[in-house]
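Worksheet for the structure shown next.
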Amino acid sequence: MDQSAVITAERLARRFGGRPGHEAVRGIDLAVRRGELFALLGTNGAGKTSALEVLAGLAPPTSGTVRVLGQDPFRSRRLVRSRIGIMLQSRGFAADLTVAETVSTWAGSLTRPRPLGEALDLVGLATRRNVRIRQLSGGEQQRLGLALAILGRPEVLFLDEPTAGLDPAARKQTWELISDLLLSGTTVLLTTHQLIEASALADRLAILRNGRLVGLGTPEQLAATRPARITFRLPAPVSLPHLPQVVATINSSGGVELETQDLQATLTEVLTWAHQQDLHLGDLTARPASFEEAFLAITGSSEEIAA
Ligand SMILES: Nc1ncnc2c1ncn2[C@@H]1O[C@H](COP(=O)(O)OP(=O)(O)OP(=O)(O)O)[C@@H](O)[C@H]1O
């Protein structure tokens, strides 16, 4: 186990409904470092929420080991509770309380809560403090959930789909808040199925599919698992040079697409060849694979990797 990690999971599994039941999380290993934003990414039903609930200590694993700040977060909940913040998708607020009453009630259970006004300001709910929960929009309830999660100034924050259902302005505000929390040293583990959110915010990501970890790394590392592409149009029906390790496709109108793991080397070879042949390559483009391409390839493939 990585001793420097703030959150660790070893062979974490979670089954619903006894045996055989449904195995929502099937043995994942991960280690989240202090101060990083680690995202669990995956399509609907991949097991993100099921894993987050166990990592946050809200449910025990069926098998495997979880540690948060060195403790078992389920069995030793008392020891970690004051140091973590949790925001879930299902909120369960009391409909008749106001926003301020809800925050104050929660603050009463914390040792060092933020002032009410500060917490509401941070999530953009300052003008809604006297509104009853049942009159809040879904996005506002979402933000109230975030206010409660950060109320106790947690060292470790667990966020389940923190921007789901938010309008673009509220989403941007949430991203900025999360970035500020990271700057102040908070460790954040969040789930999302939004690729842009994951690649923009996360230091590292774990991609889940059918309860298994199928990708782990920085957005750049994951993108680099897919080939880069060079495209151009041939001005005349000439043969391409021999390009080792490159997959070349040529269509009937002279359009060429090259897939390569070494963009610089292949591009150099192509340009040198074109120069020697005195060819002008039309519409030349060269680009590395995007994170989105990698995600689609990883979640669509049957290969699974170890952490
Ligand atoms: N309480 C439960 N009882 C039985 N099955 C469950 C329960 N909760 C989740 N599941 C199943 O476990 C699987 C993983 O669900 P989970 O909510 O963890 O996925 P997710 O990746 O968070 O999906 P989403 O993006 O849709 O929220 C799904 O097949 C789901 O139907």
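The values are calculated or read from the model by the stated rules, or taken from the named source; none is laboratory data. Note that this is a predicted model, so its numbers are computed, not measured. Don't worry about glycine lacking a Cβ; one is built from the backbone with ideal geometry, like all the others, and counts go over all protein chains shown.
Laid out as a table, the results:
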read-out	value
One residue from PRO61, PRO115 being modelled with pLDDT of 95 or more and under 30 Å from ARG26 (Cα atoms)	PRO61
Verdict on VAL99 being surrounded by 22 or more Cβ atoms within 10 Å (Cβ to Cβ) and among the β-branched types (Val, Ile, Thr)	yes
Cross-chain or 6+ apart pairs with Cβ under 7 Å, segment 14-26 first and free of Cβ contacts under 8 Å to residues at least 12 places away in the same chain and more than 14 Å from ALA59 (Cα to Cα), then more than 8 Å from the ligand (Cβ to nearest atom) and part of a strand (DSSP E or B)	GLY21/ARG15; HIS22/ARG15
Segments classed as strands (runs of 3 or more DSSP E), wholly inside segment 1-56, with at least 3 members that are closer than 18 Å to ARG75 by Cα and within 15 Å of the ligand (Cβ to nearest atom)	5-16
From the options GLY255, GLY211, residue that is in contact with an Asp or Glu (Cβ under 9 Å, 6 or more places away or on another chain) and at positive phi	GLY211
Residue satisfying condition, being charged (D, E, K, R), at positive phi and at pLDDT 90 or above, within set ARG34, ARG11, ARG83	ARG11
Checking VAL66 against (1) under 18 Å from MET87 (Cα atoms); (2) assigned to a strand (DSSP E or B); (3) β-branched (Val, Ile, Thr), the condition it does not meet	(1)
Failed condition for ILE250, given (1) under 17 Å from the mean Cα position of the chain (by Cα); (2) outside the structural domain of ILE150 (by TED's automatic domain parsing)	(1)
Condition check for SER50: of a type outside the set (Val, Ile, Thr), farther than 24 Å from LEU182 by Cβ and out of contact with any Phe, Trp or Tyr (no Cβ under 7 Å at 6 or more places or on another chain)	yes
Selection count where residues are assigned to a loop (DSSP other than H, G, I, E, B), more than 16 Å from the ligand (Cβ to nearest atom) and not acidic (Asp, Glu), scope segment 90-118	12
Any hit, segment 72-89, residues being in contact with a strand residue (DSSP E or B) (Cβ under 9 Å, 6 or more places away or on another chain), aromatic (Phe, Trp, Tyr) and either in the same structural domain as ALA9 (by TED's automatic domain parsing) or not in a helix (DSSP H, G or I) (or both)	yes
Hits in segment 57-74 - residues which are away from the ligand (no atom under 16 Å from the Cβ) and either aliphatic (A, V, I, L, M) or closer than 21 Å to LEU195 by Cβ (or both)	VAL68, LEU69
Residue within segment 92-101 that is closer than 30 Å to GLY211 by Cα and out of contact with any Phe, Trp or Tyr (no Cβ under 6 Å at 6 or more places or on another chain) present	yes
Failed item in (1) touching a Pro at 6+ places or on another chain (Cβ under 6 Å); (2) surrounded by fewer than 18 Cβ atoms within 10 Å (Cβ to Cβ), with GLY108 passing the rest	(1)
Lone unmet requirement of (1) more than 14 Å from the ligand (Cβ to nearest atom); (2) modelled with pLDDT of 90 or more for ASP167	(2)
Tabulated pairs, segment 93-110, first more than 17 Å from VAL131 (Cα to Cα), second of a type in the set (A, V, I, L, M, F, W, C) and in a loop (DSSP other than H, G, I, E, B), C-beta under 9 angstrom, 6+ apart or interchain	ALA107/LEU151; LEU110/LEU151
Top-ranked residue of segment 119-161 - restricted to ones that are β-branched (Val, Ile, Thr), farther than 24 Å from LYS48 by Cα and not in a loop (DSSP other than H, G, I, E, B), ranked as farthest from the ligand (Cβ to nearest atom)	THR127
